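Here's the structure we're looking at; comments come further down.
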Amino acid sequence: MNLQLSRIGELTSALQLPGIDANACDLAQQAAQQEWDYLTFLEQILQCEKRSRHQRKQHIFTRMAGFPGLKTLEKFDFTFAVSANDKRP
């Protein structure tokens, strides 16, 4: 592993920024290919952290809600619910 990536991993861990740690390498390659300036790179990496935090929050809140399981319309028993209409778009 690259020493610089190791230090970035330690810093993101200490600062509690796991989204940056997980995507830093990919974003750095993309920045080099597209010749981003420093502020564009910083903006993209912060956006990545923001998305990561949002996804983690959604996952945690969904778990906390205690839903019994994933249910879809394909699995719904329309013969049981006589008042439900089976017509779907």
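Just a few scattered comments:
- With respect to the stated conditions, Phe76 fails to be loosely packed, with under 10 Cβ neighbours inside 10 Å and among the aromatic types (Phe, Trp, Tyr).
- Among the numbered conditions (1) surrounded by 13 or more Cβ atoms within 10 Å (Cβ to Cβ); (2) at pLDDT below 90; (3) among the polar types (S, T, N, Q), the only one that Thr62 does not meet is (1).
The values are calculated or read from the model by the stated rules, or taken from the named source; none is laboratory data. Small disclaimer: the values here were computed from a predicted structure and weren't measured. Heads up, the Cβs are rebuilt from the backbone with ideal geometry, glycines too, and the neighbour counts pull from every protein chain shown.
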